[in-house]
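Note sheet for the following structure.
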Amino acid sequence: MATVNFSVPVDVKNAFNKAFEGENKSAILAGLMRQAVEEHKRKKRRALAIEALLKLRRRIRRATDKAIGRARRKGRP
């Protein structure tokens, strides 16, 4: 088990201690840190997926107004 030291505002420390009085604060902080790591990974994956979609979008040819009009008329009586 590792020991870490973080500086946090006093009001945050007091609120945390009050909210989790009598509980294993080390376990709570470890859980919160795990959640933060997972959220960070999700944000990275999301950013990569968005970038991939944007690259794909740039490669797709845009339809012209003329092509759209032909497509609407195609098959109409």
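How large a share of the accessible area of the chain, in percent, is made up of carbon and sulfur atoms when the probe is 1.4 Å and the other protein chains stay in place? Let's see the in-between values first.
Details: 4510 of 7800 Å².
Summing carbon and sulfur atoms, their accessible area is 58 percent of the total for the chain.
In degrees between 0 and 90, to the nearest 10, how far off the longest principal axis of the chain does helix 10-19 point, with axes built from Cα atoms? Value to nearest ten degrees: 80. Lys-Lys pairs in the chain that are eight or more residues apart or on separate chains and whose Cα atoms lie under 22 Å of each other come to 5. Grouping the Cα pair distances of segment 35-77 into 10 Å bins from zero gives a pair-distance distribution of 23, 23, 20, 17, 12, 4 percent in increasing distance order. Rank Glu21, Glu39, Glu51 by mean-square fluctuation in a GNM of the chain with C-alpha springs under 10 angstrom and give only the top-ranked residue. It is Glu21.
Could you check how many percent of all C-alpha pairs in the chain are farther apart than 15 Å? Across the chain, Cα pairs with separations above 15 Å total 77 percent. Of Ser26, Ser7, the residue with the largest accessible area leads and the full order is Ser7, Ser26 (1.4 Å probe).
Computed with a 1.4 Å probe on the full set of protein chains, the accessible area for Arg57 sits at about 140 Å².
The values are calculated or read from the model by the stated rules, or taken from the named source; none is laboratory data. Only a predicted model underlies this, so the values are computations on that prediction, with no experimental measurement involved. Protein only, heavy atoms only, side chains kept; ligands, DNA and RNA dropped before computing areas. Shrake-Rupley method; radii C 1.70, N 1.55, O 1.52, S 1.80 Å.
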